[in-house]
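Scroll down for the structure; my scribbles are underneath it.
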Amino acid sequence: MSIDHASAETVIERFGAAWQGFDGDAWVELFTDDVEFREDPFEPPLVGHNAVRAYLLNAAELQEQVDFTAERHWVVDPTILVAWHASYVARENGATVRLAGFMTLEMRDGRIARLREWVRRRDGTAA
């Protein structure tokens, strides 16, 4: 299955919506059964649906009011490259956390088979 710019945009929108809504089912549907998910590209990956669902559940415990925006994306089939930014409110102290990142999504059969992220995080002050 080939991926073009429009279908890549749909994947990115679904990714953002699943994260913002902490929708575990929608999140897992984005990924292949054997997905490799690297939040840090130099650390071992999370592997499989259970691991990525646990990642999102952990995020739901720590974050609220998530706002995700893909600034720009490029497609080099079968890979989607995405420059993005996000923010959320930390549940622990009410501080706004800002993220700026870049990710690669290697696609297989319309789903993400490998995700690698590079993220810069800026913590705000508590509310």
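Nearest 10 degrees, 0 to 90: what angle lies between the long axis of helix 5-21 and the longest principal axis of the chain (Cα atoms)?
30
Counting other C-beta atoms within 10 Å, and keeping those with at most 13, which DSSP coil trypsin sites (Lys or Arg not before Pro) do you find in segment 30-127?
Within segment 30-127, the qualifying trypsin sites (Lys or Arg not before Pro) (loop, at most 13 other Cβ atoms within 10 Å) are Arg91.
Roughly what would the spin-label model give for Arg14 and Ala26, points 7 Å off Cα along C-beta, in nm?
Distance between label points: 1.1 nm.
Kindly identify segment 34-85 as rounded, prolate or oblate by the Cα gyration tensor criterion: order the square roots of the eigenvalues as a ≥ b ≥ c, call it rounded if a/c is under 1.5, otherwise compare a/b with b/c, prolate if a/b is larger, else oblate.
Oblate is the answer for segment 34-85, as a/c is 1.5 or above yet b/c matches or exceeds a/b.
Between the helical axis of 49-62 and the dominant principal axis of the chain, each derived from Cα atoms, what acute angle in degrees is found, rounded to the nearest 10?
So the helix axis and the longest Cα principal axis differ by about 20 degrees.
Go ahead and run the numbers for FRET between Ala51 and Ala100, Cβ-Cβ distance against an R0 of 25 Å, rounding to 0.05.
According to the calculation, E is roughly 0.50.
Ignoring ligands, DNA and RNA, what percent of the accessible area of the chain is carbon or sulfur (1.4 Å)?
After summing per-atom areas, the C and S share lands at 48 percent.
Please give the per residue accessible area of the chain, computed with a probe of 1.4 Å over protein heavy atoms only, in Å².
Accessible area per residue: 57 Å².
Can you compute the helix-only [θ] at 222 nm over the chain? Use -39500 (n - 2.57) per DSSP H run of at least 4 residues, normalise by all residues, nearest 500 deg cm²/dmol.
Rounded to the nearest 500, it is -9000 deg cm²/dmol.
The values are calculated or read from the model by the stated rules, or taken from the named source; none is laboratory data. Since the model is a prediction, treat every value here as computed from it, not as a measurement. Cβ atoms come from the backbone with ideal geometry, glycine included; neighbour counts cover every protein chain shown. Note: areas computed on protein heavy atoms with side chains; ligands, DNA, RNA excluded. Shrake-Rupley method; radii C 1.70, N 1.55, O 1.52, S 1.80 Å.
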